[in-house]
Each structure stands twice: as C-alpha cells, then as structure tokens.
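Reviewing the structure listed below.
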Amino acid sequence: MKLDNGHQESAVTAEAAVWLVRLSGDDRTPEMEAAFDTWLKTTPGGEAAFEDLASIWTDLPGGAEAYQRRQRSPARLRAPTHRIWFSGMAVAACAIVGLAAALWMSQPQVYETRRGEIRTETLADGSVVKLNTDSKIEVQLGWKTRELKLVSGEARFDVAHDPRKPFIVETDDGTVKALGTSFIVRNESEKTTVILLKGKVGINPAHGSDPGLTKVLEPGERAVIASSRKVSIDRPELKAITAWEEGKVLFSNTPLPQAIAEMNRYSGKPIVLKSQRAGGVTVSGTFRTGDSHEFARSVVHLNKLQLRDTGSGLEIRN
C-alpha cells in the first residue's frame, strides 16, 4: 500500500480523529471495534495519533468527567485496555476533531500495489479492500456516501453494511453501487468487469443517469461493461475468478494469447508469443502468479515449441 506522501501524516491524524468520533458514539458495534483494531495494527503512527487526540479530548472542559461517567455506566461496551472511550462530547472537542475529520474526508486516500503484489486494506468504515497486482484505488469516505474510484487493476470489496451511506465504486466505464456485500471489480482499457460474490449490487454504465440503464446482479453473476456502455451478464466459474486471492491463476481451455496476457499482469519479465502456429493453442491448468518461467515451460513442452530467455523477457517460438 502506498499512501500519497504529501498527506501521509495529516491523513493518519485525521483518520484517528474519525475513529475517535465514531467510537465515542452510542452506536458502536463489535464489528466497528474489530475494524479499529485492524487499523491500529496496520497503520504506521496510528496508535500514537489516536492517543494524542484522546489526551487533548480529556483535557478539554467536561472531557474527563464525561469519560468517568462512561466508565461508571453499566450499559457501556467492554473495551480493550489500550483504548479510551468517551461520551458526552464537549463542544470544543467536536469542533477540533470534526474539522480534522472533514479535512480528511475531503481528500481521497490513495492505495496502490506494485506488479506482483497483493494487499488487503481495512477502511475506516470497516469495509475491507483487497487489491490485486498493479492496481490503484482512490477512497473518499464522506458523511453521506462512500465513494471509491478503481483507477486501474482489480480489487475485491467486502462492504461493511451501512444503509445510510451507499458504497459506490467507479471506473471510467461505469459505477457499482452496494450496501453490504462482496464483489470484485476489474478495470481494463476497453471494459470493466464486475463479479458479485454475495449480496446485491446495481451496475450503471458511465454517464448513464437513466434508472432504466441500471442492471442488478445476483450472486455468482458477472457483468461486463464495455466502453460503448453496453452491459453483458453471464455466470463464470467463481473459483477461477477468485484464484488470484490465493496467489494462483486458473485456466480452462483459455486461448494462449489471453493466458499470456493474464500471466504478464503479475511479472516484470513478460512473455512474448513469437509463433503464429501457437496462436490457436489453448491452456488449461493452475499456475502460481508471477511464475512466468513455469508457465512458459509447460506451454512449450506440451505443444512442442521453443522457449528463449532474452534476459528482459521470455519468447515462445516455433
């Protein structure tokens, strides 16, 4: 994960401010607390930023008294020892923390992976995003909506349920709207692919404000949104679709050029097809992401072809 360097420190502080506000409310849940734990463990400087804000809060008029009242309340949720919970927020504290939260929410957070890298990120609302190789997303969690843009690549989204704040993923080809669900979005140059794993999502082509253009997917369905705004729906083999989460690529009678393109997504040493005869070859099997050599060796062995390592790439020849 790479966070925009220019805003890294202020972003962590602002995220901590948002957590302080959310966890101090009466509507916090065990799921929210679990998401907060994950944020603390995975965010450099997160715990220090949270403790600094908590100290400021208790120093404000009414802050310490509010904390003591919460501690005495039999209805309060049990909290881990390393956390401090607050209620009865002081007006001044709300203003300070609210300003930091507003600043954070106004600036999209950028997460990205390198070629061959897979990363899992837990967002401030408890949603989990898993980025595939060479992918980039921009995240903006607002007061009324949760908006994400998949700039490039592929990601799985496990959405925390919150009917008050729709979860929207956008690409150049269209948008995906969900409440509480799991789905995968892949952004390619000529199309966007959406696979629904569970729940329900609405698909809308880019610039398509007409409600009649919205397609609602059922679990197991895949929607392909072309740049022409045409949407096609089918039911793929989900095991092959989600294999990348386990570091694998599954092929089933896949044309060789298409299989090579998929393997090249994960490797800095691309495979180049130099054989016209091999253009009609199909590939079946399971391969490790990033292991271009093993894939290429299997292809040439099964089809009586030749493999040449040029140093910068691999060539499959007659």
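No value in this document is a laboratory result; all are computed from the given coordinates. Note that the structure is predicted; figures quoted are calculated from it, not measured. FYI the Cβ positions are ideal-geometry reconstructions off the backbone, even for glycines, and counts take in every protein chain you see.
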Using modelled amide H (1.01 Å from N, peptide plane; none on Pro or chain starts), what sits under 5 Å from the amide H of residue 216, excluding residues fewer than 5 places away?
203
Points 7 angstrom from Cα along the Cβ direction at residue 294 and residue 38: gap in nanometres?
2.8
When only DSSP loop residues count, what trypsin sites (Lys or Arg not before Pro) in region 245-316 have their Cβ near at most 11 other Cβ atoms within 10 Å?
304
Which of the three applies to region 247-317, rounded, prolate or oblate, going by the alpha-carbon gyration tensor with a ≥ b ≥ c and a/c under 1.5 meaning rounded?
oblate
Using amide H atoms built in the peptide plane, which far-off residues or other-chain residues are under 5 Å from residue 248 H to H?
289
Report ³J(HN,Hα) in whole Hz for each residue of region 311-317, in order, from the Karplus equation J = 6.51 cos²θ - 1.76 cosθ + 1.60 where θ = phi - 60°; Gly and Pro get x.
x, 9, x, 10, 10, 9, 10
Too long at a 19 Å Cα-Cα cut-off: which of 41/200; 136/191; 41/239?
41/200; 41/239
Please go through region 121-162 and write out the trypsin sites (Lys or Arg not before Pro) that DSSP classes as loop and that have at most 14 other C-beta atoms within 10 Å.
144
Only counting other Cβ atoms within 10 Å, I'd like 170, 33 sorted with the fewest neighbours first.
33, 170
Sorted by Cβ neighbour density within 10 Å, fewest at the top, the residues 315, 15
315, 15
Which FRET efficiency, nearest 0.05, do residue 218 and residue 240 yield, Cβ-Cβ r, R0 25 Å?
0.85
Once amide hydrogens are built 1.01 Å from N within the peptide plane, the residues lying 5 or more places from residue 127 or on another chain with amide H under 5 Å from its amide H are 160
Sequence order, region 301-310: Karplus ³J(HN,Hα) from phi using 6.51 cos²θ - 1.76 cosθ + 1.60, θ = phi - 60°, Hz rounded, Gly and Pro as x, gives 5, 6, 10, 6, 10, 10, 10, 10, 8, 8
Using Cβ contacts closer than 10 Å as the measure, can you line up 114, 164 from fewest to most?
164, 114
For the pair residue 188 and residue 258, the simple spin-label estimate (label points 7 Å beyond Cα toward Cβ) gives in nm 0.8
Considering only DSSP beta bridges where both residues belong to region 249-318, give the percentage that are antiparallel (nearest 5).
75
Going by a ≥ b ≥ c, the root eigenvalues of the Cα gyration tensor, does region 140-287 fall in the rounded group (a/c under 1.5), the prolate group (a/b larger than b/c) or the oblate group?
prolate
